[in-house]
Structures are given as C-alpha cells and as structure tokens.
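The structure under discussion appears below in the form of structure tokens.
What follows draws every value from the coordinates through simple rules; no lab data is involved. Computed from a predicted structure; not experimentally measured. As a convention, Cβ positions derive from the backbone with ideal geometry for all residues, glycine included, and neighbour counts pool all protein chains shown.
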Amino acid sequence: MELFRGKRLHVEQIEYTLPDGRRKEGVIVHPGNAVVVLPKCGDSCWYLIRQYRFAVGGYILEAPAGKLEPGEVPVETAKRELIEETGYQAGEMIAKGWIYTTPGFTDEKLYLFEARDLSPSDVFEKDEDELIELVTVTDGELKEMCLDGRISDAKTISIVYRCLGGAGGTRC
C-alpha cells in the first residue's frame with residue numbers, strides 16, 4: 001500500500017516473508033538510485049564540495065552526487081553530476097562498485113565512481129537550489145577528514161575508502 005508519493009521519493013507499506021517463513025509488515029522508502037563521484041584533480045589531490053544541506057541545517061563536505069534520471073545509466077549520471085556540481089568533466093570515469101545507503105528501510109543503491117583527467121566544462125549548470133563551493137584536498141587530508149569527523153557523509157566516506165583504500169586496502 002502506498003503511503004506517500006512525492007517528486008523525489010515514494011513510501012510504501014508491504015507484507016514480506018522472512019527466510020524462516022514468518023510474515024511481517026514493513027515500510028520501504030524508494031528514493032531511486034543515485035551516483036557518487038570522487039574527482040581526482042592531481043597526483044595526490046581530490047575535489048570535494050562544500051554544500052548546504054537543509055535536512056541537517058548546515059554545510060557539509062561531500063563528494064559530488066545525484067539521482068539517476070529515468071532511463072539514464074549510472075555512468076552518464078556520474079558525468080552529468082560531476083559537471084553540474086564541480087564545473088569539470090572527466091576524461092576517464094572508473095566504476096568503483098555500489099553500496100546500499102540504509103538497507104533497514106530503503107532500497108536506494110549508490111553507484112560509486114572515480115573521475116580522472118578533468119577539464120573545465122559548462123555543459124550542465126548547477127541546480128537552482130544548490131549552494132556549492134569546490135574544495136581541494138590531498139590524499140592525506142581526505143583520509144584524516146574521514147577519520148576525525150570533518151567528513152560525516154556516509155556516501156563520501158564510502159567512495160574515499162573505495163578510491164584510497166582502507167585497512168588492508170590498496171591505492172587506486
């Protein structure tokens with residue numbers, strides 16, 4: 001049963017069966033899938049964006065990201081969002097897998113990309129409601145910011161981990 005339908009998402013209540021056969025009711029939020037892009041701007045530096053997020057009442061540091069439009073494939077969304085939010089296009093877009101954002105209540109999947117060989121582009125403009133500042137950080141700063149909480153956005157921490165590696169990980 002649909003509980004809500006808006007421009008950005010819809011919410012439904014469903015009945016489902018657990019692997020042990022028990023029947024339960026649950027609510028699923030369907031925001032649609034999205035992409036996250038970590039743009040590499042030099043040998044050991046990256047771009048982040050500092051963006052105002054009304055839901056948390058302030059600015060946060062994050063990787064560029066955005067929703068897939070109907071019929072759009074993730075890499076095309078990644079290319080579009082990178083230009084919209086940074087003013088750069090990628091000569092190379094490297095897929096880094098995907099993640100579920102919060103599988104306890106939503107089916108949202110984020111496709112992760114590393115962008116390389118950047119060059120200026122104005123093919124797409126920022127969305128009207130976006131207040132964005134481009135920030136340059138080094139490999140070391142990026143890891144430190146994820147560890148000390150200056151980056152608190154889960155999708156950004158995930159793409160940093162996939163690009164720079166974590167415990168036992170390897171570098172891109």
- [ ] Report, ordered by the first and then the second residue, all pairs with beta carbons closer than 7 Å, sequence separation of six or more or different chains, a first member in region 75-89 that is over 15 Å from Glu62 (Cα atoms), and a second member that is in a helix (DSSP H, G or I) and of a type in the set (A, V, I, L, M).
- [x] Tyr88/Leu82; Gln89/Leu82; Gln89/Ile83
Task: Residue count, region 5-39 (criterion: surrounded by 10 or more Cβ atoms within 10 Å (Cβ to Cβ) and outside any loop (DSSP other than H, G, I, E, B)) - done: 18
TODO: For residues that are of a type outside the set (D, E, K, R) and crowded, with 20+ Cβ neighbours inside 10 Å, scanning just region 52-67, find the one that is farthest from Asp122 (Cα to Cα).
DONE: Ala63
- [ ] Please go through region 40-94 and pick out each residue that is aromatic (Phe, Trp, Tyr) and in a strand (DSSP E or B).
- [x] Trp46, Tyr47, Tyr52, Tyr59, Tyr88
